[in-house]
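The values are calculated or read from the model by the stated rules, or taken from the named source; none is laboratory data. The shown structure was predicted, so the numbers you read here are calculated from the model rather than taken from an experiment. Reconstructed Cβ throughout: ideal geometry from the backbone, glycine too, with neighbour counts over all protein chains shown.
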Amino acid sequence: MTKRKRAEKKDNPPARAKEAQKKSAAKAREEEKPQKIKNVIYEAELAKLQIELVKFQEWVKHNGLKIVAIFEGRDAAGKGGVIKRITQSLNPRFCRVVALGVPTERERTQWYFQRYVTHLPAAGEIVLFDRSWYNRANVERVMGFCTDDEYWEFLRSCPEFERMLVRSGIMVIKYWFSVSDEEQERRFQSRLDEPTKRWKLSPMDLESRTKWVEYSKAKDEMFKYTDIKQAPWYVVNADIKKHARLNCIQHFLSTIPFEDLTPKPIELPPRQDKTGYVRPPMSDQTFVPDEYP
């Protein structure tokens, strides 16, 4: 700011008042934010929850339950981070993640829900959808990838589709990760700066920055039609990632009562005697180079 502009601003009471109001509002927003959990506490709490998740999975397997968890929300809201922490200690044979790409030409001609149905769980399985059939109500609607008829047909059909899943014995748990405009922008900038995260920024993400209001309206309309008693939406406040992870996992564990069926500690049998076995020469095998001896 030049000296002249500073002088003009100094001599302009309305401008000074407006600037003071902005600073006051920014300070108030900062004060309203909850204190971030300390890393040592976060790690300890996450470890406890992951032990409970193992018990949860054993209960699901033992009772032949079928669980579908849907993770939706804004870009960079932290859905993937929660899914990663849920699956970290679980058996991937019984808990899997479904993150479908763009539908093929053949899939575009199918019944809309058809490509998702093939990924639904069998008895004893947990399926986590990293985005789901709700693409139609959000990104497809906002970006113009579906017609108005297709969109409204989805909103009519989706509640009945989910009720049908519930009647068939599948439990449907739906999470919406809510993040503020400012926090989303901060995370986008962070992804630009970190090479290991830059792949997360797709052209669609960049374009979505200009359609914040449209996405908000689409989400509100989606909730209006699909927040049903049999499969309600649960909103996760995701401005602080670590809080969102702990809160979401804690809620996920609360959706069904379960008991601890963790296998009891076992005693390992003695190893087999090596008598009679001669290992082939190591020179006959190809080893990975010891770049980090």
Open item on the list: Need the failing condition index for Trp233 against (1) under 20 Å from the mean Cα position of the chain (by Cα); (2) surrounded by fewer than 13 Cβ atoms within 10 Å (Cβ to Cβ), just the number.
Closed with: (2)
- [ ] Kindly check whether there is at least one residue in the stretch 241-252 that is surrounded by fewer than 11 Cβ atoms within 10 Å (Cβ to Cβ) and not hydrophobic (A, V, I, L, M, F, W, C).
- [x] no
Task: Considering residues of the stretch 127-141 that are modelled with pLDDT of 95 or more and of a type in the set (A, V, I, L, M) only, the residue nearest to Cys158 (Cα to Cα) - done: Ala137
- [ ] Would you please name the residue that is surrounded by the most Cβ atoms within 10 Å (Cβ to Cβ), looking only at residues in the stretch 185-203 that are in a helix (DSSP H, G or I) and free of Cβ contacts under 8 Å to residues at least 12 places away in the same chain?
- [x] Arg186
Open item on the list: Here's a check for you: in the stretch 21-50, which residue that is in contact with a helix residue (DSSP H, G or I) (Cβ under 7 Å, 6 or more places away or on another chain) and among the hydrophobic types (A, V, I, L, M, F, W, C) is modelled with the lowest pLDDT?
Closed with: Ile37
Task: Enumeration of residues in the stretch 72-120 that are touching a helix residue (DSSP H, G or I) at 6+ places or on another chain (Cβ under 6 Å), farther than 28 Å from Ala244 by Cα and assigned to a helix (DSSP H, G or I) - done: Glu107, Arg115
- [ ] Check whether at least one residue in the stretch 157-167 is surrounded by 14 or more Cβ atoms within 10 Å (Cβ to Cβ), of a type in the set (Val, Ile, Thr) and modelled with pLDDT of 95 or more, and report yes or no.
- [x] yes
- [ ] Looking for whichever is charged (D, E, K, R), at pLDDT 90 or above and assigned to a loop (DSSP other than H, G, I, E, B) here; the options are Lys224, Lys229, Lys219. Which one fits?
- [x] Lys229
Open item on the list: assigned to a helix (DSSP H, G or I) and either surrounded by 13 or more Cβ atoms within 10 Å (Cβ to Cβ) or at pLDDT 90 or above (or both): is that true of Phe287 in this structure?
Closed with: no
Task: Residue within the stretch 257-272 that is among the acidic types (Asp, Glu) and outside any loop (DSSP other than H, G, I, E, B) present - done: no
Open item on the list: With the structure loaded, tell me whether Leu206 is out of contact with any helix residue (DSSP H, G or I) (no Cβ under 6 Å at 6 or more places or on another chain) and surrounded by fewer than 17 Cβ atoms within 10 Å (Cβ to Cβ) or whether it fails that test.
Closed with: yes
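Each row is one residue, and each column tells you yes or no for (1) hydrophobic (A, V, I, L, M, F, W, C); (2) surrounded by fewer than 23 Cβ atoms within 10 Å (Cβ to Cβ).
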| position | (1), (2) |
| --- | --- |
| Lys55 | no, yes |
| Val60 | yes, no |
| Val68 | yes, no |
| Arg74 | no, no |
| Lys79 | no, no |
| Thr87 | no, yes |
| Pro92 | no, yes |
| Val97 | yes, yes |
| Gly101 | no, yes |
